[in-house]
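Coordinate-derived values only; no laboratory data. These figures come from a predicted structure and were not determined experimentally. Cβ coordinates were reconstructed from backbone atoms using ideal geometry, including for glycine residues, and neighbour counts include every protein chain displayed.
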Amino acid sequence: MTETSTPTDPQGDLTDGFHLIIDALKLNGVETVYHVPGIPVTDLGRMMQAEGLRVISFRHESNAGNAAAIAGYLTRKPGVCLTVSAPGFLNGLVALSHATTNCWPMILISGSSEREIVDLQKGDYEEMDQLAIAKPLCKAAYRILRAEDIGIGIARAVRAAVSGRPGGVYLDLPASLMGQVMDAAAGAKTLIEVVDPAPAQFPAQAAVDRALDVLSSARKPLIILGKGAAYAQCDALVRQFVETSGIPYLAMSMAKGLLPDDHGQYAGAARSLALKDSDCVMLIGARLNWLLSHGRGKQWGEPHGKRFVHIDIDPKEMDSNQPIAAPLVGDIESCLTMLLAGMGDWSAPDAAWTGAIADKAAANVARMGARLMNNNVPMDYHGALGRLKSVFADHPDAILVNEGANTLDFARSIIDMSKPRKRLDVGTWGVMGIGMGTAIAAAVETGQPVVAIEGDSAFGFSGMEVETICRYGLPVCVVVFNNSGIYRGTDTDPTGRDPAPTVFVREAQYDLMMTAFGGAGVTARSPDDLEQAVRAAIASRRPTLVNAIIDPSTGTESGRIGNLNPQSVVKKK
Ligand code: ADP
Ligand code: TPW
Ligand code: MG
């Protein structure tokens, strides 16, 4: 007899698919669901809220998905996004793919139409073979057809998301699953609480010894910390390792603050020198992808004979771009614990090397200082960000969300972070549109004030969620760097017919979008005004949008990565 047959005793203690899904999620530590309602998941969302899950309802699934993705990064538990079928699913899928690309645990749960109609393509409401579409775009994809399999389905999704290299998991829930009824006691027995979902993975002792050999024989070693090291949440151990080694380090964008940016070994302000002149580079939770120019080229001082030590949980990452002299495959906490155990008689690198980096960094910081103090009107990026730098220095717990081109690149290099996982940005893809979803999840998951520094183009991708920010009363201050365009607001259409593709309505009043929903809206034309408005927003914890008017001529094409643009060989007329 199948356990899902129609109950013979309607008075008995029953459960159904809806409740089993909720119970299974709660059993596995899920507390918040990022969501857009509709058939067939409207009641599921309602019941989730009634059963004590926090349900944050968005205006577009891509933003709910981005919220779930960053929640996974911040908590090391899968961030959950719940959507409707076909179009809602597709809207959430970009974020699922983004989470997978960034190695963050996330589960996209989408309702779907009935198998017997979808599979014969009879044309159902929102018909789509979602499972097949999701599969190549995420780490794992599952469909649950029977109520008694909900426990297993959710356990598999949780484990797949967080174990090994974390990533996105798609979970397909056909509408007919939710109403399936079973005996409550029998249902409870089918649920699984995943034990040790992300087990420690120790490298072999021989691999640790090899890594220590390579590191200790280097004359000019360098450590690069990536967001995998921030994700691992073994902050004290990372710091102990870096300090015991005495090796200068760089932090990738989202690893900034893992050790405070004012740490004596931080080589951020001497990045070019450190990359070019080092003879040995140790990567900790960072990939040698485009963000590090694949470990080659002028930036790396090619031709170079640098030796690489690489800690990563995914063995396939080794040798992906450069030969790795000492691969350490394991989780960062286990790897660093074993490395530290073997560093008893460690001697710090040559003072000539660490001194050269420190001197260069100090000179660069001094050179930049004056530009950051300017009070120009209209503002340039340096004047505006110099003030926000001082705001963050006074609010080390505030979370910085950041996207755009110039707005991203300048903010990354100007604003120091002093605590781990406080800088959340566009990640491995450099994707625009993460802003409001990320800001909302950061506020919901941490309770800390959030300042989202947004290019005006970047903001436009998710701007409607200011309503969500107001509706939930979240302590989010959005600062729109309004240079009236993408990269620069000064392009023109050579034919004179239309606005140039990179140009927006000049000095648009983005602040009105926030006041429309009951938040505070401010226009800031000077660095003084900007600083005052952001300080007030953090102090009040009131949803605020500061429309910061930036001189449209002060940006550069594509920010720091203009070199990636293909060039036309045909001369401009
Ligand atoms: P960044 O963009 O900051 O350079 P990446 O996203 O390229 O960082 O790299 C993060 C790396 O960290 C990924 O290759 C991922 O497999 C790895 N990683 C994630 N979590 C862990 C962990 N707990 N232990 C070891 N490696 C991890
Ligand atoms: C999903 C391409 C990269 S940066 C950017 C776009 C459109 C906007 C830059 O303008 P902004 O910043 O935000 O005003 P600023 O300070 O330079 O003026 N679509 C997606 N992702 C990306 N990366 C793009 C397009 C892009
Ligand atoms: Mg802009």
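Calculate how large, on average over all directions, the projected area of the Cα convex hull of the range 193-271 is; give the answer in nm² to one decimal.
The Cα convex hull of the range 193-271, projected and averaged over all directions, gives 6.6 nm².
Cα centroid distance between the range 514-573 and the range 278-335, in Å?
So the separation of the two Cα centres works out to 34 Å.
Could you give each residue of the range 502-514 its phi-based ³J(HN,Hα) in whole Hz, using Karplus coefficients 6.51, -1.76, 1.60 with θ = phi - 60°, and x for Gly or Pro?
9, 10, 10, 3, 5, 6, 4, 8, 4, 4, 5, 4, 6
Treating only the Cβ of Lys, Arg, Asp and Glu as charged (+1, +1, -1, -1), what charge dipole size does the range 358-422 show about its Cα centre? Round to the nearest 20 debye.
Values: 9 positive and 7 negative charges, 23 e Å.
Result for the range 358-422 is approximately 120 debye, rounded to the nearest 20.
How high is the FRET efficiency from Tyr125 to Thr492, r the C-beta distance, R0 51 Å, rounded to 0.05?
0.65
Got a sec to turn the phi values of the range 457-469 into Karplus ³J(HN,Hα) couplings, 6.51 cos²θ - 1.76 cosθ + 1.60 with θ = phi - 60°, whole Hz, x for Gly and Pro?
5, 3, 4, x, 5, 9, x, 4, 6, 4, 5, 4, 4
Dipole magnitude of the chain about its Cα centre, charges +1 at Lys/Arg Cβ and -1 at Asp/Glu Cβ only, in debye to the nearest 20?
Dipole of the chain, to the nearest 20 debye: 1860 debye.
Can you give the extra length, in nm with one decimal, that the chain gains between Lys189 and Ala362 once fully stretched, where that is 0.36 nm per residue apart less the Cα-Cα distance?
This chain segment gains 56.1 nm when fully extended.
One-quarter of the Cα convex hull surface for the range 23-83, in nm²?
Answer in nm², one decimal: 3.8.
How many percent of DSSP beta bridges within the chain run antiparallel, rounded to 5?
5
Using a simple charge model, +1 on the beta-carbon of Lys and Arg, -1 on the beta-carbon of Asp and Glu, nothing else, what dipole does the range 265-370 show about its Cα centre, in debye to the nearest 20? Please list the in-between numbers first.
Details: 10 positive and 12 negative charges, 111 e Å.
It comes to approximately 540 debye.
Give the residue from His35, Thr492, Leu273 lying farthest towards the positive end of the charge dipole for the chain; charges sit on Cβ (+1 for Lys and Arg, -1 for Asp and Glu) and the dipole is referred to the Cα centre.
Of the candidates, Leu273 comes out farthest on the positive side.
Which distance in Å, rounded to a whole number, links the C-alpha centroids of the range 403-442 and the range 222-261?
18
Just need the Rg to Rh number for the range 441-482, please, alpha carbons only, Kirkwood Rh.
0.96
I need the phi-derived Karplus couplings for the range 447-454: 6.51 cos²θ - 1.76 cosθ + 1.60, θ = phi - 60°, integer Hz, Gly and Pro marked x.
x, 7, x, 10, 10, 9, 9, 10
So, by mean Cβ neighbours within 10 angstrom, what's the order for 343-349, 18-24 with the highest one leading?
Taking the mean over residues of other Cβ atoms within 10 Å, the ranking is 18-24, 343-349.
Take Met464 and Gln233, extend 7 Å from each Cα along the Cα→Cβ direction, and tell me the distance between the two endpoints in nm.
3.3
Between Ala393 and Leu14, how high is the FRET efficiency from 1/(1 + (r/R0)^6) when r is the Cβ-Cβ distance and R₀ = 51 Å? Nearest 0.05.
After rounding to 0.05, the efficiency reads 0.35.
Report, in listed order, any pair from Lys135/Lys227; Lys276/Lys419; Lys256/Lys389; Lys276/Lys422 with a Cα-Cα distance greater than 20 Å. Could you put the intermediate results ahead of the total?
Values: Lys135/Lys227 25 Å; Lys276/Lys419 28 Å; Lys256/Lys389 14 Å; Lys276/Lys422 28 Å.
Cα-Cα > 20 Å for Lys135/Lys227; Lys276/Lys419; Lys276/Lys422; rest within.
Among 29-35, 502-508, 382-388, 267-273, how do they line up from the highest to the lowest mean number of other beta-carbon atoms within 10 Å?
Ranked from most to least packed, the peptides come out as 382-388, 29-35, 267-273, 502-508.
Using modelled amide H (1.01 Å from N, peptide plane; none on Pro or chain starts), what sits under 5 Å from the amide H of Ala325, excluding residues fewer than 5 places away?
Answer set, sorted by chain and number: Phe308.
Please compute the Cα-Cα pair-distance distribution of the range 130-214 with 5 Å bins starting at 0, giving whole percents from short to long.
Once binned at 5 Å, the Cα pair distances of the range 130-214 give 3, 13, 17, 16, 15, 12, 8, 6, 4, 3, 2, 1, 0.
Met343 to Leu512: extension gain in nm, 0.36 nm per residue of separation minus the Cα-Cα distance?
55.1 nm
Translational D (Stokes-Einstein, µm²/s) of the chain at 4 °C and 1.567 mPa s when Rh comes from the Kirkwood sum over C-alpha pairs?
51
For the range 421-566, give the share of DSSP beta bridges that are antiparallel, in percent and rounded to the nearest 5; count only bridges with both residues there.
Antiparallel bridges: around 5 percent, rounded to the nearest 5.
Would you be so kind as to identify which of Ser217, Ile107, Ala286 lies farthest towards the positive end of the dipole of the chain, taking Lys and Arg as +1 and Asp and Glu as -1 on Cβ and the Cα centre as origin?
Ser217
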